[in-house]
Amino acid sequence: MPKSKVFITRHFPTKLEQLQKIATIEVWEERQPPPYTVLLKKVKSIDGLLCLLTDQIDQQLIEAAGTSFKVISQMAVGYDNIDIPAAIARKIPVGHTPGVLTDATADLTWALLMAAARHVVEADRFARGGQWKTWEPNLFLGPNITGATLGIVGFGRIGQAVARRAKGFDMKVFYTSKQRSDQELEKDLGVEFTAFEHLLQEADFVTIHTPLSDETYHLFGDLRSAQQRSYRQFKLMKQSAILINTARGAIVDPEALYQALANGEIAGAAIDVTDPEPIPTDSPLLDLDNLIVTPHIGSASRQTREKMANMAIANLIAGLKGEQLPNCVNPEVYL
Ligand code: DGY
């Protein structure tokens, strides 16, 4: 039987032997993602695509795929870069990697929360910059983390893992999400379901763990509907509050975030994701000392990335064999 043809859009953190048994593999070896035009050409002649969240897999690209094209497998849990309705229309299954990155992402959320609260990044710059002259009673004061109130926006796997960690800090934890979790889970995690706006008003730390969708786009500070929302989300928050975002950049309007941080509407923010990504080097956000930015490294533990890669390969192999993907985003394609 002829081997399948596969295109992988970046060098992968795992071995490809299993895949090599059934497929001829072409890997995009550059550090930057393949240009859209390259992808558009590739999909015409391959059977499967292994992609990343930096690849734009839109309707045009999916429609351009050749007749042998069978599967899209993404090494990420999020898939907002892929046009799922277009994939359903072409009956192409889309795989993703849920679960394995939950703890790593929750860990980074906590790293950012604590770093922002206790000015870790600023203090490091201060010490290296020769400004550390003596012990000072008022130097880099931040809020207590222990005993504070945490607000979790979005309560899927990662939101829950963040809540689990909050137990060690004796925090009061509110969460908001489309659907209320079952009461046993709430009790186990010691969390209380509440409305989004109440959460914003009460929380000392607000952390975002919802997927990006039409509903959550610029959920914080939507400028497009200024009449109704304006920067209301930030205005509702405490002036001492800190925002953490390890979900997707576009959930927060960057201009609104800038205004909120520069005008002292909130005390600080720590973001692992930006809109756009990467953050432009001339973004005014980068001039602010009360903002920490990391380059989308939520899942970046060695073990996690290897698990993600293996899961993505398992999805790809299943798709090439015509089997149901172990982790499929659009099971409608099998109906
Ligand atoms: C994802 O998987 O969606 C993260 O953003 C990257 O690991």
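Points worth noting:
- Residue list for the stretch 23-48, filter: crowded, with 16+ Cβ neighbours inside 10 Å and not in a loop (DSSP other than H, G, I, E, B): 23, 25, 39, 40, 42, 48
- For the stretch 93-104, the count of residues that are in the same structural domain as residue 309 (by TED's automatic domain parsing), closer than 16 Å to residue 8 by Cβ and more than 16 Å from the ligand (Cβ to nearest atom) is zero.
- Residues in the stretch 34-57 that are without any contact (Cβ under 8 Å) to a residue 40 or more places away in the chain, farther than 25 Å from residue 99 by Cα and in contact with an Asp or Glu (Cβ under 9 Å, 6 or more places away or on another chain): 4 in all.
- Filter pass, residue 329 being open to solvent by less than 40 Å² (accessible area, probe 1.4 Å) and touching a Lys or Arg at 6+ places or on another chain (Cβ under 6 Å): no
- Pair list, Cβ < 7 Å and 6+ apart or interchain, from the stretch 71-95 residues that are closer than 19 Å to residue 46 by Cα to residues that are within 16 Å of the ligand (Cβ to nearest atom) and of a type in the set (Ser, Thr, Tyr): 75/97; 94/79; 95/73
- Residue count, the stretch 60-72 (criterion: buried (at least 17 other Cβ atoms within 10 Å of the Cβ) and part of a helix (DSSP H, G or I)): 2
- Selection status of residue 149, touching a strand residue (DSSP E or B) at 6+ places or on another chain (Cβ under 8 Å) and within 15 Å of the ligand (Cβ to nearest atom): no
- Among (1) buried (at least 18 other Cβ atoms within 10 Å of the Cβ); (2) within 24 Å of residue 217 (Cα to Cα); (3) in contact (Cβ under 8 Å) with a residue 24 or more places away in the chain - the single one residue 284 does not satisfy: (1)
- Number of positions in the stretch 263-313 that are assigned to a helix (DSSP H, G or I) and either assigned by TED's automatic domain parsing to the domain that holds residue 94 or within 15 Å of the ligand (Cβ to nearest atom) (or both): 12
- Filter result for residue 264 (out of contact with any Cys (no Cβ under 9 Å at 6 or more places or on another chain) and either open to solvent by less than 10 Å² (accessible area, probe 1.4 Å) or under 22 Å from residue 155 (Cβ atoms) (or both)): no
- Any chance residue 292 is within 27 Å of residue 117 (Cβ to Cβ), surrounded by 14 or more Cβ atoms within 10 Å (Cβ to Cβ) and more than 15 Å from the chain's Cα centre (by Cα): yes
- Residue match in the stretch 192-200 (condition: hydroxyl-bearing (Ser, Thr, Tyr) and surrounded by 16 or more Cβ atoms within 10 Å (Cβ to Cβ)): yes
- Those residues of the stretch 158-191 which are surrounded by fewer than 15 Cβ atoms within 10 Å (Cβ to Cβ) and free of Cβ contacts under 8 Å to residues at least 24 places away in the same chain, in sequence order: 167, 168, 178, 179, 180, 182, 183, 184, 187, 188
- Criterion violated by residue 324 - all others in (1) assigned by TED's automatic domain parsing to the domain that holds residue 233; (2) surrounded by fewer than 23 Cβ atoms within 10 Å (Cβ to Cβ) satisfied: (1)
- Members of the stretch 77-128 that are outside any helix (DSSP H, G or I), over 21 Å from residue 270 (Cβ atoms) and not charged (D, E, K, R): 79, 81, 82, 92, 93, 94, 95, 96, 97, 98, 99, 100
- Qualifying residue in the stretch 141-157 (condition: open to solvent by less than 20 Å² (accessible area, probe 1.4 Å), touching a residue at least 24 places away in the same chain (Cβ under 8 Å) and in a helix (DSSP H, G or I)): no
Conditions (1) within 30 Å of residue 168 (Cβ to Cβ); (2) open to solvent by 50 Å² or more (accessible area, probe 1.4 Å), marked per residue:
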site: 50; (1), (2): no, no
site: 74; (1), (2): no, no
site: 84; (1), (2): no, no
site: 91; (1), (2): no, yes
site: 100; (1), (2): yes, no
site: 116; (1), (2): yes, no
site: 131; (1), (2): no, yes
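The values are calculated or read from the model by the stated rules, or taken from the named source; none is laboratory data. Remember, it's a predicted structure, so these values are computed and weren't measured experimentally. Counting neighbours? That spans all protein chains shown, and the Cβs are built from the backbone with ideal geometry, glycine included. Ligands, DNA and RNA are stripped out before the accessible areas are found, and what is left, the full protein with its side chains, is counted by its heavy atoms. Shrake-Rupley method; radii C 1.70, N 1.55, O 1.52, S 1.80 Å.
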